[in-house]
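Can you read through this structure? Questions will come right after.
The values are calculated or read from the model by the stated rules, or taken from the named source; none is laboratory data. Owing to the predicted nature of the structure, the values given are computational and were not obtained by experimental measurement. Neighbour counts run over all protein chains shown; Cβ positions are idealised from the backbone, glycine included. Accessible surface areas use protein heavy atoms only, side chains included; no ligands, DNA or RNA. Shrake-Rupley method; radii C 1.70, N 1.55, O 1.52, S 1.80 Å.
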Amino acid sequence: MKFLGDIQVQLDEVTCLGIAELLKSPSMGEFTREGFLNGWRAVGCDSIDKMVAHADNLRSQIPTQPDLFRRVYRYTFPLCRMQGQRNLQFEIAAEQWKLFFTPEKGGVQWDTETTPWLEWWIEFMEERGKKPVNKDLWEQVEVFMRKTLDDERFGWWSADGAWPGALDDFVAWVQKKRGDNMEVE
Amino acid sequence: MPPSLIPQTPHKDDLDETWSFLEKGVDSVMLKLEEGVDMKTYMALYTAVHNFCTSQKAVGNGHGLQAHRGAHLLGEELYKLLGEYLSRHLDAVHHESKGHAEEALLGFYIREWTRYTTAAKYINHLFGYLNRHWVKREIDEGKKNVYDVYTLHLVKWKDDFFMKVHGKVMDAVLNLVEKQRNGETIEQSQIKSIVDSFVSLGLDESDSSKSTLEVYRMFFEKPFIAATKVYYENESRQFVAENSVVEYMKKAEARLEEEKARVGLYLHPDISKHLTDTCLDVLVTAHSELLRDEFQVLLDNERQEDLARMYRLLSRIKEGLDPLRTKFETHVRKAGLAAVEKVAAEGEAFEPKMYVDALLQVHTRYQSLVNEAFNGESEFVRSLDNACREFVNRNKICASSSTKSPELLAKYTDSLLKKGSKAAEESELEEMLVQIMTVFKYIEDKDVFQKFYSKMLAKRLVHVSSVSDDAETSMISKLKEACGFEYTNKLQRMFQDIQISKDLNASYKDWQDKVLDDDDRRKLVDAHFQILGTGFWPLQAPSTDFLAPPEIVKTAERFQNFYFDKHNGRKLTWLWQLCKGEIKTNYIKNTKVPYTFQVSTFQMGILLLFNETDTLTYEDIQKATTLAPEILEPNLGIFLKAKVLLISPEGSKPEPGTSFTLNYNFRHKKVKVNLNIQIKSEQKVESDDTHKTIEEDRKLLLQSAIVRIMKSRKKMKHVQLVQEVIQQVKSRFPPKVPDIKKNIEALMEKDYIERLDGDEIAYIA
């Protein structure tokens with residue numbers, strides 16, 4: 001924890017998760033010696049100053065580089081999982097989504113002209129009974145997010161597509177809420 | 001011919017002399033053949049040709065040409081002169097023909113043609129030498145427009161006569177045909193002769209020994225087809241305006257037959273296809289809309305014969321039937337839906353038989369229509385199948401639940417196979433089973449049928465209430481044939497269990513005889529046991545506790561000892577809810593023959609308590625039997641209703657606080673009294689249970705299909721996987737895509753499979 005402060009990373013920003021991914025941290029705020037050394041060696045940092053600079057770099061790159069973003073996002077699932085559980089508790093998942101999908105904490109803004117996606121997604125999941133989030137759903141939400149930013153009218157979506165059922169239902173939910181026609185071209 | 005007229009053979013070198021000699025001969029062959037030509041004249045003419053052709057030097061226009069050809073090949077002059085002669089002759093014929101028209105013209109043409117061609121044969125012989133040498137040589141050298149003498153006749157006829165008169169001749173022919181089409185009798189042989197003549201004139205330019213149909217096609221077929229077209233255009237237009245479509249179809253069919261016959265009567269077969277096509281075009285294609293519009297009317301009125309006619313007509317034109325298929329399909333579907341609606345109007349309580357009969361009736365009616373009227377054509381069969389599948393699976397009665405059809409069908413089957421129903425004759429029963437399979441074929445939720453069927457089969461077997469083993473076997477083998485071994489596996493095992501149980505009971509009897517002492521034997525309860533494999537039978541352990549009466553417990557224990565002796569390590573669960581027995585009453589005074597009660601084991605447990613005392617409280621009974629109230633109360637209710645027991649306080653319902661007394665004054669008109677009546681609530685629960693297990697089984701079926709596919713494919717697109725799953729399970733039930741997706745997700749969560757990027761799914765070994 002102190003270490004994160006040393007390299008000027010807040011606990012509640014995406015960069016923190018980026019560092020965790022870099023150092024292959026097994027759980028929140030925990031590092032292994034091996035992961036720590038390998039991680040920093042890979043990016044050529046051998047001093048606090050360089051680490052601060054790298055963290056800064058991550059901070060600006062995560063929202064702009066989709067591949068990096070996805071890596072960090074996916075790493076978060078095992079990172080935040082409770083000991084011995086397969087799935088992520090809803091409350092934790094919701095926290096992380098709020099982190100990843102808003103620009104304030106170094107994430108990507110998940111909002112479009114007609115649709116406050118993040119807000120609705122959380123609302124939708126709450127309505128469904130705050131069920132734990134499995135790995136597949138976790139990962140697909142991020143893919144889904146990218147798609148909706150490309151085309152918020154769901155032109156890419158089809159009922160026979162490979163989306164997890166929860167996302168299929170969410171599409172219908174959003175369409176109803178937006179008052180879309182039932183038919184989606 | 002008088003001998004004096006026989007001219008002397010002309011001088012062989014003199015062309016003029018030779019030709020004038022020949023011309024006389026040819027002329028008499030041409031014009032007076034009927035007078036005959038004697039051998040001598042004939043020989044003289046032949047010789048003259050021979051002599052001329054073999055002469056060393058010909059007088060006349062023989063310049064240097066012959067020198068090239070050699071001594072034996074003279075004849076060009078003769079050939080030319082003969083041609084000129086023929087032209088002159090034909091001019092005269094043409095001139096004469098102007099005096100004739102219509103049938104007279106045809107007569108004239110045929111007469112002249114016959115005379116001319118007959119003469120041509122003789123003249124061809126007369127000029128045989130010319131043919132064999134000069135003509136042959138010319139043709140071999142590739143010279144055009146030189147023919148053997150007979151062909152020369154035909155060419156001349158064509159050029160100098162035919163080309164001038166063919167129009168008129170054809171007009172006459174067509175008028176004649178039109179007369180015939182209008183119903184008049186005509187001299188068909190005339191047309192036949194004309195056709196033959198036209199055909200003869202078709203000469204192959206490159207090889208005169210072969211004939212082609214060019215002339216015939218050009219000058220006969222073409223105008224004939226055109227006239228036919230106009231004729232039938234007019235006729236059909238007029239006929240349709242004045243008559244019904246049904247009448248028109250009769251007319252059109254008759255006309256098509258007539259034209260087909262016409263080809264055989266006097267036309268060249270070459271025209272056949274063309275003529276048929278033209279007639280179909282004008283008679284059928286042009287009116288196909290009109291015909292199709294009538295289709296629905298005919299269907300509505302079940303005019304099988306007219307439908308057959310329409311089928312025959314439209315099947316002969318391109319894509320003529322396609323619109324009918326759609327209409328037919330819709331019609332059958334509507335008929336099916338209407339039939340079901342009628343059944344549904346009866347309210348909730350209709351018999352499964354009514355429902356199945358309604359489905360079958362519609363199917364039978366339209367299947368026979370397809371066979372009789374539509375020639376059993378495979379596309380119509382398919383339309384019928386589509387329609388049936390629709391109305392069997394999606395109709396008013398199925399509206400609440402799509403599994404209603406298989407459930408009702410299974411119930412109907414049960415009613416047929418169960419003893420005591422209006423027992424059908426064996427052959428009749430088999431017939432009905434075949435019909436059930438007809439409906440079964442259309443059922444989409446075959447797994448639901450399987451569930452209900454196995455439940456009911458289990459009951460029939462356990463209660464020994466099958467009408468016959470043969471019928472049961474026959475039904476199972478039918479299902480096996482339709483759905484495969486897996487589908488009927490459990491059903492067959494159930495059947496086997498019953499057979500094995502029979503043997504087991506026999507050896508149990510032997511064992512008892514050896515082991516029991518006299519005391520045991522006196523207290524013996526006559527029992528029959530059925531050992532049913534847990535995995536195959538759709539049966540559950542009893543839902544209530546039950547303390548069986550001591551007599552039964554003893555019997556059961558004894559059997560258990562016997563059984564465990566035989567099969568060590570097996571576990572037996574007593575399905576009390578399915579057991580039954582008979583108890584004899586000795587307490588009732590007012591009857592000579594004691595009554596026998598047929599009871600369930602639960603009921604037996606209650607009644608046997610009264611062996612010790614006449615009155616028991618509700619609580620006593622419950623304590624002694626440990627039966628759950630929802631089982632105990634209805635059974636007590638049955639006893640009260642039959643007046644076996646009397647309740648106090650009088651008129652109350654069986655519940656805590658009441659007590660029951662044995663009725664010594666029990667009366668019944670039969671000696672055997674059946675008290676083992678199924679309780680209503682049990683039935684309902686059973687049906688609900690069945691539906692629940694269906695859902696569970698479907699989940700398993702889907703997941704095992706997914707795992708099976710992924711195991712063999714390792715990696716696969718999501719969409720493809722869904723498609724494959726549908727393929728694999730659709731013979732059991734039509735899976736919904738969201739259900740498949742849900743099960744894919746479930747398997748992901750269990751780490752059987754995982755998602756890769758790009759919608760790909762991978763198998764995790």
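Being within 14 Å of chain A (Cβ to nearest Cβ), farther than 30 Å from B:Thr596 by Cβ and among the hydrophobic types (A, V, I, L, M, F, W, C), is that true of even one residue in the range B:689-697?
No, that holds for no residue.
Against the definition (assigned to a helix (DSSP H, G or I), within 60 Å of the chain's Cα centre (by Cα) and surrounded by 16 or more Cβ atoms within 10 Å (Cβ to Cβ)), how does B:His166 come out, yes or no?
yes
So, in the range B:97-116, exactly how many residues are surrounded by fewer than 16 Cβ atoms within 10 Å (Cβ to Cβ) and among the hydroxyl-bearing types (Ser, Thr, Tyr)?
Selection size over the range B:97-116: 1.
All but one of (1) assigned to a helix (DSSP H, G or I); (2) open to solvent by 50 Å² or more (accessible area, probe 1.4 Å); (3) within 14 Å of chain B (Cβ to nearest Cβ) hold for A:Arg86; which doesn't?
The number of the failed condition is (1).
Which condition number does B:Gly569 fail, the rest of (1) more than 30 Å from B:Ile631 (Cα to Cα); (2) surrounded by 11 or more Cβ atoms within 10 Å (Cβ to Cβ); (3) small (Gly, Ala, Ser) being met?
The one condition B:Gly569 does not meet is (2).
Filtering the range B:714-724 down to residues that are in contact with a strand residue (DSSP E or B) (Cβ under 7 Å, 6 or more places away or on another chain) and assigned to a helix (DSSP H, G or I), which residue is surrounded by the most Cβ atoms within 10 Å (Cβ to Cβ)?
B:Leu721
I would also like to ask the following. Can you list the helices (runs of 4 or more DSSP H) found entirely within the range A:90-178 that contain at least 1 residues being among the acidic types (Asp, Glu), touching a strand residue (DSSP E or B) at 6+ places or on another chain (Cβ under 9 Å) and within 14 Å of chain B (Cβ to nearest Cβ)?
Per the criteria, A:135-150.
Here are some residues: B:Ile606, B:Ile583. Which one is closer than 26 Å to B:Pro542 by Cα and part of a helix (DSSP H, G or I)?
B:Ile606
Can you name the residue in the range B:755-765 that is at the interface with chain A (Cβ under 10 Å from one of its Cβ atoms) and exposed (fewer than 15 other Cβ atoms within 10 Å of the Cβ) and, of all such residues, is nearest to A:Arg86 (Cα to Cα)?
Applying the first criterion (at the interface with chain A (Cβ under 10 Å from one of its Cβ atoms)) to the range B:755-765 yields B:755, B:757-761.
Narrowing further to those that are exposed (fewer than 15 other Cβ atoms within 10 Å of the Cβ): B:757-758.
Details: B:Asp757: 21, B:Gly758: 24 Å.
Going through the qualifying residues, I end up with B:Asp757.
For the range B:742-753, enumerate the residues that are facing chain A (nearest Cβ under 8 Å) and touching a strand residue (DSSP E or B) at 6+ places or on another chain (Cβ under 7 Å).
Matches in the range B:742-753: B:Met748 only.
Being open to solvent by 40 Å² or more (accessible area, probe 1.4 Å) and not β-branched (Val, Ile, Thr) is true for just one of B:Lys411, B:Lys446. Which residue is that?
From the options B:Lys411, B:Lys446, the qualifying one is B:Lys411.
Give the number of residues within the range B:475-494 that are of a type in the set (S, T, N, Q) and open to solvent by less than 20 Å² (accessible area, probe 1.4 Å).
The total comes to 1.
Still on this model: What number of residues in the range B:592-621 are open to solvent by less than 50 Å² (accessible area, probe 1.4 Å) and either at pLDDT below 85 or of a type in the set (Phe, Trp, Tyr) (or both)?
Result for the range B:592-621: 6.
Working only within the range B:528-554, note down all residues that are over 19 Å from B:Thr625 (Cβ atoms), open to solvent by less than 30 Å² (accessible area, probe 1.4 Å) and of a type in the set (Gly, Ala, Ser).
The answer is B:Gly533, and nothing else.
Then there's this: With respect to B:Ser87, is the statement that it is over 60 Å from the mean Cα position of the chain (by Cα), in the same structural domain as B:Ala44 (by the TED database) and buried (at least 19 other Cβ atoms within 10 Å of the Cβ) true?
no
Looking at the range B:725-738 only, could you name the residues that are within 12 Å of chain A (Cβ to nearest Cβ), assigned to a helix (DSSP H, G or I) and open to solvent by 60 Å² or more (accessible area, probe 1.4 Å)?
The one that is within 12 Å of chain A (Cβ to nearest Cβ), assigned to a helix (DSSP H, G or I) and open to solvent by 60 Å² or more (accessible area, probe 1.4 Å): B:Pro738.
Next up: Tell me, which residue of the range B:417-469 that is among the basic types (Lys, Arg) and assigned to a loop (DSSP other than H, G, I, E, B) is farthest from the chain's Cα centre (by Cα)? Lay out the reasoning, then the answer.
Step one: list which residues in the range B:417-469 are among the basic types (Lys, Arg), which gives B:418-419, B:422, B:441, B:446, B:451, B:455, B:459-460.
Keeping just the survivors that are assigned to a loop (DSSP other than H, G, I, E, B) gives B:419, B:422.
Working: B:Lys419: 36, B:Lys422: 34 Å.
Result: B:Lys419.
Go over the candidates B:Val284, B:Val362 one by one and state the one that is open to solvent by less than 50 Å² (accessible area, probe 1.4 Å) and at pLDDT 90 or above. Full working, then the answer.
Values: B:Val284 fails: at pLDDT 90 or above.
Result of the check over B:Val284, B:Val362: B:Val362.
Residue-wise test of (1) among the charged types (D, E, K, R); (2) open to solvent by 30 Å² or more (accessible area, probe 1.4 Å).
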| site | (1), (2) |
| --- | --- |
| B:Thr118 | no, yes |
| B:Tyr122 | no, yes |
| B:Asn145 | no, yes |
| B:Leu152 | no, no |
| B:Glu187 | yes, yes |
| B:Ile194 | no, no |
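Now for a different question. Can you tell me how many residues within the range B:622-658 are surrounded by 15 or more Cβ atoms within 10 Å (Cβ to Cβ) and assigned to a strand (DSSP E or B)?
Qualifying residue count for the region: 3.
Given the options B:Val370, B:Val343, name the one that is at pLDDT below 90, farther than 30 Å from B:Leu491 by Cα and either in a helix (DSSP H, G or I) or open to solvent by 10 Å² or more (accessible area, probe 1.4 Å) (or both).
Testing whether each residue is at pLDDT below 90, farther than 30 Å from B:Leu491 by Cα and either in a helix (DSSP H, G or I) or open to solvent by 10 Å² or more (accessible area, probe 1.4 Å) (or both) leaves just B:Val343.
Continuing with the same structure: So B:Lys580 fits all but one of (1) open to solvent by 40 Å² or more (accessible area, probe 1.4 Å); (2) free of Cβ contacts under 8 Å to residues at least 24 places away in the same chain; what number is the exception?
For B:Lys580, the failing item is (2).
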